[in-house]
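What follows draws every value from the coordinates through simple rules; no lab data is involved. Everything quoted here is computed from the prediction, not taken from an experiment. No Cβ is skipped: glycine too gets one built from the backbone with ideal geometry, and neighbour counts run over all protein chains shown.
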Amino acid sequence: PVFPVCALGGRCIEALGLHRAMGVGGLALGFLLCALGVWGGGDGKLLGAVFLWFEPSLAFDLSIAIMLTGGLLGLVAVLLHAWRIELWMIPILRAVPFEDMRRNAPFGVAIAGGALWTLPSGALVAALLS
């Protein structure tokens, strides 16, 4: 069962409940990280929304993909800084000086990237391709 089909059709009550539980879990994790000062509230809400769309069997894969995407973005930022390429030269990072990257890192990009990375594994793509 795929979340959009279940949500629109009103069927698959069990699957709909599992997706809601995933969303609430992601939101709770996001708000916990916000309370710890790791990221902002918007990133926490985005994490909850992204988790809502994935089935529970992909929770671990999604979490790993988000972490790997964030790590790759961090590595790129460090390499650009080491090569003396100013981050303001890159449009997506223009508003984030390297010194402020710890506090203002674009975690939303990592969350979205991890979701896109995990998406082909999900039932949504399987349903669309069949």
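Observations on the structure shown:
- Computed over the stretch 16-65, Kirkwood Rh from alpha-carbon pairs, angstrom: 10.6 Å
- Put a dot 7 Å past the Cα of Phe60, heading toward its Cβ, do the same for Val24, and the two dots end up 2.3 nm apart.
- Extension gain (nm, one decimal) between Ala35 and Leu75, 0.36 nm per residue minus Cα-Cα: 11.9 nm
- Extension gain, Met67 back to Trp117 (0.36 nm per residue minus Cα-Cα distance, nm): 16.9 nm
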